[in-house]
Amino acid sequence: LAYQNYQIAKSAFLTYKTLSTQNEALEKMRHTLLKRTDVLTAYLTLIWEKMAITESLDKETANAFQGIAQKEQAWLTDNQKKISAASNIADLNTAADEFTSRHSQISKEANLGITQILFAKTNLTYSKSGDFFGRVSETLSRLEDLGEDTTFYRRGLSSAQAKADLYLDKKEAAGKETELIRTQKTLQEGLEYIRESTNNLKEILNTITGL
């Protein structure tokens, strides 16, 4: 919305070229640039907060990202001061260009934080699935000792194992990716496989126990 308002004001200035339309375009541009830095500042905070509460993500990694986030937020605050102090379009463009030059670095650092969160989540989910595999296997073995036919359940267990294996393939592929966005996509796909595997195991247990 802020950007749309700026575009409208800019169009009016280019059409009428009056002092009032110039000032309005200046203020709309200022507002847009300030909002942009606000969003990025909040985004970095959100990532760090998510890291801080993510199970199995070590504190050193979370604290390291916090330091990076605080450094970038300090830079963004300084950029906002330049935006606020700008008295003409040229000064605003200078501040905007500085932001653009810095944005790729901040984006890369943010994506690295997100990737670290995903690695931790997938590792934790996979480790928890091991407990379900153990419980299902033990339960089926007891039923078989009692003479029960567990063929159907064994097929479900094999299906769950196949999906767990697909997760491991995705995790390995993610570790070889050179682009963080592709790494995140691959990890998300792997996370979905292990979640499906775990859900299959839960369904087997629920069917057997009648819960």
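The values are calculated or read from the model by the stated rules, or taken from the named source; none is laboratory data. This one's a predicted model, so the numbers in the text were calculated from it and none came from an experiment. With ideal geometry, Cβ positions are generated from the backbone for all residues, glycine too; neighbour counts draw on all protein chains shown. Please note that ligands, DNA and RNA were not included when accessible areas were found on the heavy atoms of the full protein model with its side chains. Shrake-Rupley method; radii C 1.70, N 1.55, O 1.52, S 1.80 Å.
All of (1) touching a Lys or Arg at 6+ places or on another chain (Cβ under 9 Å); (2) in a helix (DSSP H, G or I) hold for Glu148 with one exception: (2).
Looking only at residues of the stretch 179-203 that are charged (D, E, K, R) and touching a residue at least 12 places away in the same chain (Cβ under 8 Å), we find that the one that is surrounded by the fewest Cβ atoms within 10 Å (Cβ to Cβ) is Glu203.
Within the stretch 164-178, take every residue that is in contact with a Ser or Thr (Cβ under 6 Å, 6 or more places away or on another chain) and more than 14 Å from Gly130 (Cβ to Cβ) and give me the one that is least open to solvent (accessible area, probe 1.4 Å).
Here the residue is Ala174.
Among the residues that make up the stretch 111-123, is at least one of them among the hydroxyl-bearing types (Ser, Thr, Tyr) and in contact (Cβ under 8 Å) with a residue 60 or more places away in the chain? Looking for residues that are among the hydroxyl-bearing types (Ser, Thr, Tyr) and in contact (Cβ under 8 Å) with a residue 60 or more places away in the chain, one finds at least one in the stretch 111-123, hence yes.
Evaluating Val39 against the criteria (1) open to solvent by 60 Å² or more (accessible area, probe 1.4 Å); (2) over 30 Å from Lys171 (Cα atoms); (3) modelled with pLDDT under 90 leaves one unmet condition, (3).
Here is a yes/no grid of residues against (1) assigned to a helix (DSSP H, G or I); (2) under 14 Å from Leu33 (Cα atoms); (3) open to solvent by 30 Å² or more (accessible area, probe 1.4 Å); (4) out of contact with any Ser or Thr (no Cβ under 8 Å at 6 or more places or on another chain):
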site	(1), (2), (3), (4)
Ala74	yes, no, yes, yes
Asp91	yes, yes, yes, yes
Thr100	yes, yes, yes, yes
Gln105	yes, no, yes, yes
Lys108	yes, no, yes, yes
Asn123	yes, no, yes, no
Tyr126	yes, no, yes, yes
Arg135	yes, no, yes, yes
